[in-house]
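Notes for the one structure printed next.
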Amino acid sequence: MAVIYDVFGDESHDEENERVFAVAGVLGDEADWQTATEAWTNRTRGRIFHASDCECDLNDFSESSHAENLRLYADLAKILGGSRLMGFGAAMSLEDYDKFFAPSLRNNAYYLCFRTVILYLGRMARRIIPQGIIRFTFDHNLETENNAAKVYDFVVNMPGTDFKEYLDDEISFSSRRNPKIQVADLMARETMKHFDNQFGPVYRISRRSFQTLADSKRFAFEFYTKHYFADLVQKANDLAKGQGYTTILQEFTEWRAIHNNAPDTLEVRIRYAMSQLKQNPEVNPF
């Protein structure tokens with residue numbers, strides 16, 4: 001029987017959702033997750049943990065002192081860092097994203113980070129011993145679930161995806177009552193906060209909770225700054241000069257016209273990309 005590895009994921013952003021957005025996933029087998037979540041629930045005493053609420057004394061954490069909340073947060077970071085779980089987080093500058101792309105496409109920021117997490121942890125499937133099947137479960141989010149499932153399906157079926165045999169066919173979603181989603185929430189917040197501290201308007205040294213994860217050597221991170229977006233635009237311009245990008249756009253426009261003048265949205269781009277996948281590996285909705 002194949003070993004099953006579960007990835008639980010979540011997202012995080014700054015207080016105003018204006019500077020930084022992050023998505024993170026945490027991976028482990030059944031034994032790894034059981035050991036970590038037992039320690040987690042013992043420390044939280046069954047309380048539903050939300051990283052930003054705990055750190056900012058909000059909602060369920062408004063009646064405990066700031067010092068108590070910070071101790072809880074630090075202890076949970078140590079539980080995660082000291083576990084056998086592994087993880088990956090991707091974060092981006094929303095301000096830089098908006099400079100290079102239309103603000104109306106802001107939701108694409110989630111899917112870019114989401115896609116990066118799926119690709120990184122999916123590729124780990126070939127390196128894990130023993131090899132097994134990876135299942136992805138993300139936090140419930142009515143605004144993104146439908147397209148997230150489509151992006152997952154696109155990534156799994158992309159030409160050149162050499163780890164498809166290790167991935168479960170479908171992605172699942174779970175509520176924050178699940179302690180494994182709470183673990184992913186802490187990982188996502190640390191990814192977001194580190195990016196904001198290092199690349200935001202005010203430089204700050206690494207948080208001790210982030211350093212706890214980084215020092216374990218089992219958690220990795222990727223950060224998208226203006227240099228990444230500038231390079232992406234340059235590559236698109238180079239394609240346009242060779243007519244490749246222009247041709248794809250023309251074909252996409254024609255496809256939308258014959259499909260009831262479908263609007264240019266992420267969902268429609270994914271539908272188009274999936275329909276063209278076998279014929280044209282260059283099609284990419286991101």
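The values are calculated or read from the model by the stated rules, or taken from the named source; none is laboratory data. Computed from a predicted structure; not experimentally measured. Ideal geometry is used to build each Cβ from the backbone, glycine not excepted, and the neighbour counts take in all protein chains shown. All accessible areas refer to the heavy atoms of the entire protein, side chains included, with ligands and DNA or RNA removed. Shrake-Rupley method; radii C 1.70, N 1.55, O 1.52, S 1.80 Å.
Listing for the model above:
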{"read-out": "Inverse mean reciprocal Cα-Cα distance (Kirkwood Rh) of segment 106-226, Å", "value": "16.0"}
{"read-out": "Heavy atoms of Phe223: accessible area, 1.4 Å probe, square angstrom to 10", "value": "60"}
{"read-out": "Additional length obtainable on full extension of the chain from His140 to Glu68, 0.36 nm per residue less Cα span", "value": "23.1 nm"}
{"read-out": "Calculated FRET efficiency for the pair Asp169/Gln198, C-beta based, R₀ 30 Å, to 0.05", "value": "0.20"}
{"read-out": "Dipole axis of segment 1-156 (+1 Lys, Arg; -1 Asp, Glu on Cβ), positive-most option in Val7, Cys54, Val20", "value": "Val7"}
{"read-out": "P(r) tail fraction, segment 1-110 - alpha-carbon pairs more than 16 Å apart, %", "value": "68"}
